[in-house]
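Here's the structure, in structure tokens; my notes come after.
The values are calculated or read from the model by the stated rules, or taken from the named source; none is laboratory data. These figures come from a predicted structure and were not determined experimentally. Heads up, the Cβs are rebuilt from the backbone with ideal geometry, glycines too, and the neighbour counts pull from every protein chain shown. Heavy atoms of the whole protein, side chains included, go into the accessibility calculation; ligands, DNA and RNA do not. Shrake-Rupley method; radii C 1.70, N 1.55, O 1.52, S 1.80 Å.
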Amino acid sequence: MSLMVDSFGRKVEYLRLSVTDRCDFRCVYCMTEDPCFLPKDHVLHLEELAWIAQAFTELGVTKIRLTGGEPLVRTDCDQLVSLLGKLPGLTDLSMTTNGSRLTKFAKPMFDAGLKRLNISLDTLNPTLFTQLTRNGKLDRVIDGIDAAIAAGFERIKINAVILKQQNDNEVIDLVDFCRGRRLDIAFIEEMPLGEIDERKRARHCSSDEVKAIIENRYPLQLSSKRTGGPARYYTMADSPIHIGFISPHSHNFCHECNRVRVTVEGQLLLCLGNEHAVDLKSIVREFPADIERLKAAILAGINLKPKQHDFGNNQVHILRFMNATGG
């Protein structure tokens, strides 16, 4: 049972833990084309990440998702997975990845104890893929997805951000791709984090618009499936996969938020759409063996968790970029 209950009565049981702010892509909705990454000494060490994760699990967190940037650019990520997999009370250890390195790392991560994967894939058009990621190669990601299936991962979900007049004509193609490989898929509304020039164009595509496109081909039925995250899932009569929608703009889910984030710089972020934060790195480095002090700081921070974000009209309220936020 979680000891972390905020001032609005919400239990915090889910931690998104960033292992790096670096990435081998430069996705247009995530960062600028020429980002400035953190100096190495600002980044939490492997043992510090594991120590913070232990504090959260002792306070009742049962689910941890490793995020970035791109977590697999960190070469010791499999060691972290091994450490976290041994934490008592942790029942769900997953990772969000762009898939570009899964041909090399899918099997080691699976063997180390990673249970689930979320893989970002916004288009099946190789040219558009390179444009959206600014330097990515679609075939590497497709090969990575197939490597993850071959490695034994049974719960793989594709994440897709749909942007008007860019990839909104591919919604059905993405659904069919997932139907063919028996992968779940979640369509995510773009989140206005960081000043990004491309966002100044009207490109927001709501979950309702994406859902309407799908239902022109495949009637959807609301599912009871829940993963502890914000997605609402639907099913199709002729396929076992689930289609999810994450809708921070059109269908606010703050009232049931059960998660917090820790950046690779050790900042406890209490809300994706607010600047409230607690510096955990300073505690970990000044008092490296004092887990009770660390847990006390976390509990004090939970009391500051705001009621909700404000992503109205896709306006930017948060200056940090998504790669620095931790997914």
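Brief remarks follow.
- Strands (runs of 3 or more DSSP E) enclosed by the range 257-305 - at least 3 residues per element that are within 17 Å of the chain's Cα centre (by Cα), charged (D, E, K, R) and buried (at least 19 other Cβ atoms within 10 Å of the Cβ): none
- Considering Arg16, Arg26, the condition of being open to solvent by 10 Å² or more (accessible area, probe 1.4 Å), part of a loop (DSSP other than H, G, I, E, B) and touching a residue at least 12 places away in the same chain (Cβ under 8 Å) is satisfied by Arg26 alone.
- Met109 vs. criteria modelled with pLDDT of 95 or more, more than 26 Å from Tyr218 (Cβ to Cβ) and within 18 Å of the chain's Cα centre (by Cα): yes
- Set Glu47, Glu33: member being part of a loop (DSSP other than H, G, I, E, B), out of contact with any Pro (no Cβ under 6 Å at 6 or more places or on another chain) and either open to solvent by 10 Å² or more (accessible area, probe 1.4 Å) or among the hydroxyl-bearing types (Ser, Thr, Tyr) (or both): Glu33
- Filtered residue count, the range 1-13, keeping only those that are among the β-branched types (Val, Ile, Thr) and surrounded by 19 or more Cβ atoms within 10 Å (Cβ to Cβ): 1
- Among residues of the range 165-220, those that are among the hydrophobic types (A, V, I, L, M, F, W, C), open to solvent by less than 70 Å² (accessible area, probe 1.4 Å) and modelled with pLDDT under 95, counted: 5
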